[in-house]
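The values are calculated or read from the model by the stated rules, or taken from the named source; none is laboratory data. Everything quoted here is computed from the prediction, not taken from an experiment. Neighbour counts are summed over all protein chains in view; Cβ atoms, including those assigned to glycine, are modelled from backbone coordinates with ideal geometry.
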Amino acid sequence: MTGTDQAARDAVEAALAAGGRRVVLGLAGPPGAGKSTLAMAIVGRARARMGDSWAAYFPMDGYHLSNAQLKRLGLLDRKGAPNTFDIDGYVAMLSRVAADGRTDIYLPDYDRVLHEPVAARLLVPAPARLVVTEGNYLGLDEPGWRAARRLIDHLWYVDAADSLREERLFARQVAGGQAAPAARDWVERSDRPNGELVKRSKANAERTISPSPA
């Protein structure tokens, strides 16, 4: 396994070795493993070394379906499962990013206070040579997710002990306004089975990263 600092160095070196072509690094892994924290750490270290416009962050969570759409589909209590994302929209945007048209690209983000996606909050600057995208299901061998994988140059799996992940997920739910019993129920009923699904995709990644605990 590789830690945070080494992962960041390796990501920068992989982009530098691409001869000026933009490189898309994908981070897959179960909920609470530390994907977003690692992605932002890699981007931060890359910017510190190469300049603020050299690296960008692209979370798959910006393609959560809105709560209104989840209610319409009867999926609100499954939020976070693979079929609660706009995978076609994510793939379309990932295709734009990977194509490197040398224009600024605005990306949606997910707001954990609003519990909704927010359009155009993030940016891939035109000069960016490294884009780090992350999401639970990027390694799944299923329609839609396979299309995303074809646009990713390097896919790494972010791992953490189940006990640590579930502590983080419980704290996330409480911080988002859930009472403790409801938070625990959500982790056991939703996050846990989603995590078990993601674990089966581990072999589809090039390497495993074990970030330093936050």
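Assorted remarks:
- Test set (1) loosely packed, with under 13 Cβ neighbours inside 10 Å; (2) of a type outside the set (Lys, Arg); (3) within 20 Å of the chain's Cα centre (by Cα); (4) not in a helix (DSSP H, G or I) - Pro211 fails condition number: (1)
- For the range 125-136, the set of residues classified as buried (at least 23 other Cβ atoms within 10 Å of the Cβ) and either touching a helix residue (DSSP H, G or I) at 6+ places or on another chain (Cβ under 6 Å) or without any contact (Cβ under 8 Å) to a residue 24 or more places away in the chain (or both) consists of Leu130, Val131, Val132, Glu134, Gly135, Asn136, listed by residue number.
- Leu122 passes every criterion in (1) within 26 Å of Asp88 (Cα to Cα); (2) in a helix (DSSP H, G or I) apart from (2).
- Screening His115 with (1) surrounded by 15 or more Cβ atoms within 10 Å (Cβ to Cβ); (2) in contact with a helix residue (DSSP H, G or I) (Cβ under 7 Å, 6 or more places away or on another chain) gives one miss only, at (1).
- Against the list (1) surrounded by fewer than 16 Cβ atoms within 10 Å (Cβ to Cβ); (2) in contact with a helix residue (DSSP H, G or I) (Cβ under 7 Å, 6 or more places away or on another chain); (3) not in a helix (DSSP H, G or I), the condition Ala56 fails is (1).
- Flag if Gly32 is under 12 Å from the mean Cα position of the chain (by Cα), part of a helix (DSSP H, G or I), at pLDDT 95 or above and crowded, with 20+ Cβ neighbours inside 10 Å: no
Quick grid of which residues meet (1) surrounded by 14 or more Cβ atoms within 10 Å (Cβ to Cβ); (2) under 26 Å from Val23 (Cβ atoms):
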| position | (1), (2) |
| --- | --- |
| His64 | yes, yes |
| Ala68 | no, no |
| Arg78 | yes, no |
| Thr84 | yes, no |
| Tyr90 | yes, yes |
| Arg102 | no, yes |
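- Residues in the range 157-172 that are outside any loop (DSSP other than H, G, I, E, B), out of contact with any Asp or Glu (no Cβ under 6 Å at 6 or more places or on another chain) and buried (at least 16 other Cβ atoms within 10 Å of the Cβ): Tyr157, Val158, Arg165, Glu166, Arg168, Phe170, Arg172.
- Residue in the range 179-214 that is farthest from Ala8 (Cα to Cα), counting only those that are at pLDDT 95 or above and polar (S, T, N, Q): Ser190
- Residue list for the range 96-106, filter: over 23 Å from Tyr157 (Cβ atoms) and either outside any strand (DSSP E or B) or under 14 Å from the mean Cα position of the chain (by Cα) (or both): Arg96, Ala99, Asp100, Gly101, Arg102, Thr103, Asp104
- Figure legend. Inter-residue proximity from the range 69-92: first residues touching a residue at least 12 places away in the same chain (Cβ under 8 Å), second residues among the charged types (D, E, K, R) and outside any loop (DSSP other than H, G, I, E, B), beta-carbon distance below 7 Å, spacing 6+ or different chains. Indicated pairs: Gly80/Asp191; Thr84/Arg78.
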